[in-house]
Amino acid sequence: MFHKVMAFDDLVPGKPYLRDAEGVRFVLVREGEAVMAVSDLCTHAAAVLDRGRVVQGIITCPMHGARFDLRNGACVNAPYDALRVYRCRIVDGQVEVDVGANAD
Ligand code: FES
């Protein structure tokens, strides 16, 4: 089930936003005209990723530097588990996220 989380125009590209729906917390990131949502905790040692840096679809954990692909959640520089990825859509200018299913 999709939930409205914020207006698309309020998202600064490349800036992670911590949000929640149904008690599930996630990080929302806009890149260009696309928006992606992944679980908020790094799979290495549970740092919160809303302070991570985003470059070209990759978010870097602020704690020890694990890098995760926002499109599929995969960790690209260490053998850590993938982040969970949530489906997103934009309806009438509002970003909606489905925390009940993986995007892939
Ligand atoms: S907690 Fe994220 S890399 Fe260690």
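Values as computed for the structure displayed
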| read-out | value |
| --- | --- |
| Low-density loop cleavage sites - trypsin sites (Lys or Arg not before Pro) in region 36-104, where at most 13 other Cβ are within 10 Å (DSSP) | none |
| Under-5 Å amide H pairs with residue 87, H placed in peptide plane, nonlocal only | 98, 101, 103 |
| Nonlocal amide H pairs with residue 34, under 5 Å, H built at 1.01 Å | none |
| Rounded percent of accessible protein surface that carbon and sulfur make up, the chain, 1.4 Å probe | 46 percent |
| Residue 61 accessible area, 1.4 Å probe, all protein chains in place, Å² to nearest 10 | 10 Å² |
| Per residue solvent-accessible surface (Å²) - the chain, probe of 1.4 Å | 54 Å² |
| Fully extended contour minus Cα-Cα distance, from residue 87 to residue 53, at 0.36 nm per residue | 10.1 nm |
| Label-point separation, residue 64 to residue 94 (7 Å along Cα→Cβ), nm | 4.0 nm |
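The values are calculated or read from the model by the stated rules, or taken from the named source; none is laboratory data. These numbers were taken from a predicted model, which means no experiment stands behind them. In this analysis, Cβ positions are derived from the backbone assuming ideal geometry, glycine residues included, and neighbour counts consider all displayed protein chains. Heavy atoms of the whole protein, side chains included, go into the accessibility calculation; ligands, DNA and RNA do not. Shrake-Rupley method; radii C 1.70, N 1.55, O 1.52, S 1.80 Å.
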